[in-house]
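Student: Structure provided below as structure tokens; questions to follow.
The values are calculated or read from the model by the stated rules, or taken from the named source; none is laboratory data. Being a predicted model, the structure only gives us computed values, none of them experimental. Positions of Cβ are backbone-derived with ideal geometry, glycine not excepted, and every protein chain shown enters the neighbour counts. Only protein heavy atoms, including side chains, enter the accessible area calculation; ligands, DNA and RNA are left aside. Shrake-Rupley method; radii C 1.70, N 1.55, O 1.52, S 1.80 Å.
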Amino acid sequence: MTKEVRVRYAPSPTGHLHIGNARTALFNYLFARNQGGKFIIRIEDTDASRNIEGGEESQLTYLKWLGLDWDESIDVGGEYGPYRQSERNDLYKKLYDELLEKELAYKCYCTAEELEAEREAQSANNEMPRYSGKCRHLTAEEQEALAAEGREPSVRFAVPKGKVYTFKDLVKDNVSFESDGIGDFVIVKKDGVPTYNFAVAVDDHYMEITHVLRGDDHISNTPRQQMIYEAFGWEAPTFGHMTLIVNESRRKLSKRDESIIQFIEQYEELGYLPEALFNFIVLLGWSPEGEEEIFSIEELVSIFDADRLSKSPAVFDKDKLTWMNNQYVKKLSTEQVIELALPHLQKAGALPMELTDEQRQWAHDLIALYHEQLSYGAEIVELTAQFFKDAIEYDEAAQKVLAGEQVPEVMAALKAQFEALETFDAASVKSAIQAVQKETGQKGRNLFMPIRVVTTGETSGPELPAAIALVGKENALARVTEYAQS
Ligand SMILES: Nc1ncnc2c1ncn2[C@@H]1O[C@H](COP(=O)(O)OP(=O)(O)OP(=O)(O)O)[C@@H](O)[C@H]1O
Ligand SMILES: [Zn+2]
């Protein structure tokens with residue numbers, strides 16, 4: 001019988017969920033669900049000084065928002081489950097005591113200043129800075145004497161000499177590290193808190209994790225974790241170190257980088273759709289067979305295959321995300337797109353928070369008109385900006401259209417047609433324009449471009465008669481009159 005696949009996403013709550021973190025979570029999720037296994041979340045919060053307020057909540061809330069569910073662990077907002085490292089100290093303590101007893105780890109009494117001086121001396125000699133192993137063979141008396149000086153010990157792992165640690169990585173194939181390149185590393189800090197590498201190895205073992213899929217920023221941690229498995233006689237999981245997502249200047253996306261929009265909650269605020277983000281993020285560093293790019297979560301679960309993880313870093317391309325989101329927006333119903341876009345017009349102050357029935361109807365028609373074009377909720381504000389201005393600002397392209405010699409004649413005819421209209425809706429505006437065509441003999445671009453520019457201020461846009469109907473008779477007529485032959 002093969003072992004049940006168990007994978008985990010293990011964020012540190014040092015920041016909010018960003019595209020890079022989310023991708024790690026999504027890949028683990030898809031891998032687990034594809035294999036009929038378990039997907040577990042573990043909060044790696046041992047470094048209390050780096051944790052931020054709301055970091056854990058953001059990680060969980062936005063994974064849920066993206067459409068992930070998980071097994072055996074923390075629920076958002078409700079009861080909290082067991083997998084938070086800060087709550088597992090008793091287990092860690094029992095285990096590092098065991099290593100101390102077997103002399104696979106030892107107490108180090110060096111002060112921060114002494115360690116710093118050691119590093120500086122090594123750097124000055126062009127040596128790789130690493131712990132010298134000074135405290136490795138202290139006698140019990142020496143230890144007591146140092147403790148009597150009031151020094152608090154940390155615990156260091158005694159790295160075996162002259163060994164090579166290898167693993168077959170799911171992405172990078174054969175990877176190896178020489179143990180002599182690794183100094184005896186701290187597994188428990190002076191304050192009694194275990195370090196990252198120790199807690200991770202212990203947890204992955206006790207949670208029976210079978211596959212560790214994470215970013216390759218962690219690859220140099222892997223031999224250290226292998227050493228800990230070895231010291232306890234545990235079997236190590238299979239590792240897969242994925243290339244990182246980079247920004248356009250090819251720097252790793254990181255929680256602390258504020259130069260680009262990269263947090264999932266920022267996309268939610270802008271009115272992006274979770275299914276579109278999910279789809280987009282999965283294609284950063286993984287590709288299915290074939291050309292198709294739009295996939296539902298269910299489809300991704302069924303086709304996900306770790307063999308197709310990319311070996312080179314994926315560049316985050318926001319325009320592609322925006323394109324993809326538009327593909328999903330197009331599939332929404334009219335009601336859904338209104339729900340997505342209307343609050344943005346209200347937040348931007350284009351429309352009041354409380355709408356009259358008439359305003360509501362008008363807003364619905366407006367949003368429906370832009371449905372196909374709309375890439376994300378907040379974009380409605382830019383797309384419809386001209387509808388909310390008292391005076392249109394004509395850009396260069398628009399001015400060129402307005403300078404056309406046929407414009408005064410067309411506007412004069414349109415003015416007369418509009419004046420005669422009793423109802424001013426898409427259908428009546430359309431027949432008014434047809435009448436202008438007959439009367440002036442102008443057609444195609446020569447007819448429609450000036451009408452669009454004069455009435456809406458734009459050189460392109462949605463279906464023209466419907467747009468003019470939304471401008472309203474009074475406004476449209478005033479604008480047309482301004483350009484009509486006198
Ligand atoms: N730019 C990135 N691209 C892909 N994966 C990433 C990226 N940044 C982080 N990850 C992955 O996200 C997961 C969670 O890592 P972690 O919580 O340490 O995030 P982080 O953004 O690297 O945080 P920090 O900057 O505090 O180290 C890890 O598997 C890590 O490899
Ligand atoms: Zn020491």
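Student: If you wrap a convex hull around the alpha carbons of the stretch 1-118, what volume per residue comes out, as a whole number of Å³?
Tutor: 176 Å³
Student: Next question. Can you give me the pair-distance distribution of the stretch 294-368, C-alpha pairs, 10 Å bins, whole percents?
Tutor: Final binned percentages: 15, 31, 26, 17, 10, 2.
Student: Net charge near ALA478: determine it from the other residues with C-beta under 11 Å of the C-beta of ALA478, scoring Lys and Arg +1 and Asp and Glu -1.
Tutor: 0
Student: While we're on this one: Report, ordered by chain and residue number, the aspartates and glutamates lying within cross-link reach of LYS311, taken as a straight Cα distance under 12 Å and ignoring same-chain residues fewer than 8 apart.
Tutor: ASP169, ASP173, ASP216
Student: Which of the trypsin sites (Lys or Arg not before Pro) across the stretch 148-227 are loop residues per DSSP, with 13 or fewer other Cβ within 10 Å?
Tutor: Hits after loop and neighbour filter: LYS161.
Student: If I fit a long axis through the Cα atoms of helix 426-440 and take the longest principal axis of the Cα atoms of the chain, what angle between them do I get, 0 to 90°, rounded to 10?
Tutor: Helix 426-440 sits at roughly 50 degrees to that axis.
Student: Also: Would you work out the charge dipole size for the stretch 396-483 about its Cα centre, treating the Cβ of every Lys and Arg as +1 and the Cβ of every Asp and Glu as -1, and quote it to the nearest 20 debye?
Tutor: 220 debye
Student: Separate question: Return one number: the angle in degrees, 0 to 90 and rounded to the nearest 10, between the long axis of the Cα atoms of helix 334-347 and the longest principal axis of the Cα atoms of the chain.
Tutor: Taking the Cα atoms of the chain, the angle to 334-347 is about 80 degrees.
Student: Here's another thing I want to ask about it. Quick one: 3J(HN,Hα) in Hz for the stretch 230-244, Karplus 6.51/-1.76/1.60 with θ = phi - 60°, rounded, Gly and Pro as x.
Tutor: 4, 4, 8, x, 8, 8, 7, x, 7, 10, x, 10, 8, 5, 7
Student: Can I ask one more? Are there cysteines in the chain with no second cysteine's Cβ under 4.7 Å away, and if so, which?
Tutor: By the Cβ distance rule, which asks for a partner under 4.7 Å, the isolated cysteines are CYS110.
Student: Are there trypsin sites (Lys or Arg not before Pro) in the stretch 236-299 that DSSP puts in a loop and that have at most 10 other Cβ atoms within 10 Å, and which ones?
Tutor: Here the sparse-neighbourhood loop sites are ARG250, ARG256.
Student: Treating only the Cβ of Lys, Arg, Asp and Glu as charged (+1, +1, -1, -1), what charge dipole size does the chain show about its Cα centre? Round to the nearest 20 debye.
Tutor: 920 debye
Student: Just how far, in whole angstrom, is the stretch 442-486 from the stretch 311-370 if you go by their alpha carbon centroids?
Tutor: Distance between centres, Cα-based: 24 Å.
Student: Let me ask you something else. Can you give me the accessible area per residue for the chain, using a 1.4 Å probe, in Å²?
Tutor: Ligands and nucleic acids excluded, the result is 49 Å² per residue.
Student: Helix-only mean residue ellipticity at 222 nm, the chain, DSSP H runs n ≥ 4 weighted -39,500 (n - 2.57), per residue, nearest 500. What is it?
Tutor: Roughly -13500 deg cm²/dmol at 222 nm, from the helical runs in the chain.
Student: Against the longest alpha carbon principal axis of the chain, how many degrees, from 0 to 90 and to the nearest 10, is the axis of helix 112-124 turned?
Tutor: The helix 112-124 is inclined about 80 degrees to the chain.
Student: Only Cα pairs under 8 Å and at least 6 apart count here; give the relative contact order of the stretch 146-305 as a rounded whole percent.
Tutor: 17 percent
Student: Give me the Å³ per residue figure for the convex hull around the C-alpha atoms of the chain.
Tutor: 211 Å³
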